[in-house]
Amino acid sequence: RRGSHVTLHHPEARRICQALAARGVITDYRSPDRVRYGLAPVTTRFSDVWDAVDETRRVIEAKAYEGVPAG
């Protein structure tokens, strides 16, 4: 409720974070299966959040994370 982050659960979270970084979306991996987005309210625009979530959707739908080595 008060934090400045959003966390999504996915079994391939580690590889999704790496695939997103390769596309310019910086997230944080939280063990065991979380993708964390840190949002700074002063500098983050609505369009930044929209773009990050849209890119996440694309990575997951296309399973683009499968090309990233596990571990």
Tally up the residues in the stretch 32-46 that are without any contact (Cβ under 8 Å) to a residue 12 or more places away in the chain and open to solvent by less than 50 Å² (accessible area, probe 1.4 Å), please.
1
Go through (1) over 14 Å from the mean Cα position of the chain (by Cα); (2) open to solvent by less than 80 Å² (accessible area, probe 1.4 Å) and name the single condition Pro69 misses.
(2)
Kindly list the number of the only condition in (1) modelled with pLDDT under 95; (2) within 11 Å of the chain's Cα centre (by Cα); (3) basic (Lys, Arg) that fails for Arg36.
(1)
Filter the stretch 32-53 down to the residues that are acidic (Asp, Glu) and out of contact with any helix residue (DSSP H, G or I) (no Cβ under 7 Å at 6 or more places or on another chain), then identify the one that is farthest from Arg15 (Cα to Cα).
Asp48
Looking at the stretch 1-19, which of the residues that are over 17 Å from Gly71 (Cα atoms) and among the basic types (Lys, Arg) is least open to solvent (accessible area, probe 1.4 Å)?
Arg2
Subset tally (residues that are open to solvent by less than 50 Å² (accessible area, probe 1.4 Å) and not polar (S, T, N, Q)) for the stretch 50-59
4
Taking the stretch 29-52 as the region of interest, how many residues are over 18 Å from Glu66 (Cα atoms) and among the acidic types (Asp, Glu)?
2
Residue count for the stretch 47-71, restricted to those that are without any contact (Cβ under 8 Å) to a residue 24 or more places away in the chain and among the hydroxyl-bearing types (Ser, Thr, Tyr):
1
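This table checks each residue for (1) open to solvent by 80 Å² or more (accessible area, probe 1.4 Å); (2) modelled with pLDDT of 95 or more; (3) out of contact with any strand residue (DSSP E or B) (no Cβ under 6 Å at 6 or more places or on another chain); (4) farther than 20 Å from His9 by Cβ.
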position	(1), (2), (3), (4)
Ala21	no, yes, yes, no
Thr27	no, yes, no, no
Arg30	yes, yes, no, no
Glu61	yes, yes, yes, no
Which of the residues belonging to the stretch 6-28 are among the acidic types (Asp, Glu) and touching a helix residue (DSSP H, G or I) at 6+ places or on another chain (Cβ under 6 Å)?
Glu12
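The values are calculated or read from the model by the stated rules, or taken from the named source; none is laboratory data. Quick caveat: nothing in here was measured; it's all calculated off a predicted structure. We place every Cβ from the backbone using ideal geometry, glycine too, and count neighbours over all the protein chains shown. When the accessible area is computed, the model is the full protein with side chains, heavy atoms only, and any ligands, DNA or RNA have been set aside. Shrake-Rupley method; radii C 1.70, N 1.55, O 1.52, S 1.80 Å.
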